[in-house]
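What follows is calculated from the coordinates using simple rules that are stated; it is not laboratory data. Everything numeric in this text was worked out from a predicted model, so none of it was measured. Heads up, the Cβs are rebuilt from the backbone with ideal geometry, glycines too, and the neighbour counts pull from every protein chain shown.
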Amino acid sequence: LSADYLAVFQTGTHYQLIHALALLGVAILALIAPGRLVNLAGGFFAVGIVLFSGSLYALTLSGIAKLGIITPFGGLAFLAGWACLGVTAWRMA
């Protein structure tokens, strides 16, 4: 990989790691305080990982720059997941 593509690949792995840990936290939270928003958060994080990190991996490994169009949708899924967790925390307080 070129230096530019390596940086893009590292971004994908970084966000995947963060949101995999968030998924673990959501799983634990689902045991303690199950609810629709907790389930949605987990779903959004999983979709975000596939769309965001997956598109970055595909972009770097294939060289097809148009795959980058998918990445922002993964970012929106991440934001939606964090919003669901925020509302859940607000309701629990």
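Quickly work out the A58-to-L79 label distance, labels modelled 7 Å from Cα along the C-beta direction, and quote it in nm with one decimal.
Reported label-point gap for L79 and A58 is 2.1 nm.
Bin all alpha-carbon pair distances of the chain at 5 Å intervals from 0 and give each bin's fraction as a whole percent.
Pairs per bin, as whole percents: 3, 15, 23, 20, 14, 10, 7, 5, 2, 0.
Roughly speaking, what is the stretch gain from V50 to A89, that is 0.36 nm per residue apart minus the C-alpha to C-alpha distance, in nm to one decimal?
Values: separation 39, 0.36 × 39 = 14.04 nm, distance 2.53 nm.
The span from V50 to A89 would gain 11.5 nm if fully extended.
Can you give me the relative contact order of the chain as a percent, contacts being Cα pairs under 8 Å and 6 or more apart?
Values: 96 pairs, mean separation 30.2, N = 93.
Computed value for the chain: 32 percent relative contact order.
Expressed as an acute angle from 0 to 90° and rounded to the nearest 10, what is the orientation of the C-alpha long axis of helix 36-48 relative to the principal long axis of the chain?
The helix 36-48 is inclined about 10 degrees to the chain.
Quick one: helix 71-92 against the long Cα principal axis of the chain, what's the angle to the nearest 10°, folded into 0 to 90?
So the helix axis and the longest Cα principal axis differ by about 20 degrees.
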